[in-house]
1. Would the range 65-84 turn up any residue that is of a type in the set (Phe, Trp, Tyr), farther than 17 Å from residue 19 by Cα, surrounded by 19 or more Cβ atoms within 10 Å (Cβ to Cβ) and within 11 Å of the chain's Cα centre (by Cα)?
2. Starting from residues that are out of contact with any strand residue (DSSP E or B) (no Cβ under 6 Å at 6 or more places or on another chain) and β-branched (Val, Ile, Thr), keep the ones in the range 23-64 and report whichever is surrounded by the most Cβ atoms within 10 Å (Cβ to Cβ).
Amino acid sequence: MICSHEQNSIPGMLVVEDSYLLGMQMKQDLETMGMKVHGPVPSVQKAMHLIEREKITAAILDINLGKETSFPIAKQLKSMDIPFVFITGYDDLGIVEDEFSDHSLFRKPVQTQVLYDVVRKF
C-alpha cells in the first residue's frame with residue numbers, strides 16, 4: 001500500500017505526457033508517494049527546458065506526443081545517465097527504437113501500484 005508519508009529518494013521525477021488528465025493523475029500519484037514532480041509537460045521542447053533548469057533524476061515518457069515522439073528526450077536523458085521508462089496508449093508495444101530496448105515500456109493507463117513499484121527501482 002502506498003502511504004503519503006513514505007519518502008522516495010527521487011527528488012525530481014519528470015513526467016512527459018500530452019494528455020492533460022493522464023499527466024495530472026500521474027503527478028498526483030507520484031506526489032502521494034512523496035516525490036517532487038516536474039511536469040507534466042506535453043512536448044519535447046518543454047521537457048528539454050525542464051531538463052536544463054531542474055534537477056531531474058528519473059522520468060516517465062509518453063512515447064507519442066502528438067506530432068512528435070519522446071525519443072529526443074530519451075536520448076538526452078540517456079546521455080546524462082538519468083533512468084526513465086516509456087508509457088504508451090498503443091497496442092503495439094514494439095514501437096520503441098532499438099537504442100532504448102533495455103528500458104521498460106508500459107501500456108496506459110498505468111496502475112498506481114505498478115508506477116510506484118517501477119519508480120522505487122530507480
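Values quoted throughout were computed directly from the atomic coordinates according to the rules given, and no laboratory measurement underlies them. This is a predicted model, so every value here is computed, not measured. Cβ coordinates were reconstructed from backbone atoms using ideal geometry, including for glycine residues, and neighbour counts include every protein chain displayed.
1. Within the range 65-84, one or more residues are of a type in the set (Phe, Trp, Tyr), farther than 17 Å from residue 19 by Cα, surrounded by 19 or more Cβ atoms within 10 Å (Cβ to Cβ) and within 11 Å of the chain's Cα centre (by Cα).
2. Residue satisfying both the conditions and the ranking: 51.
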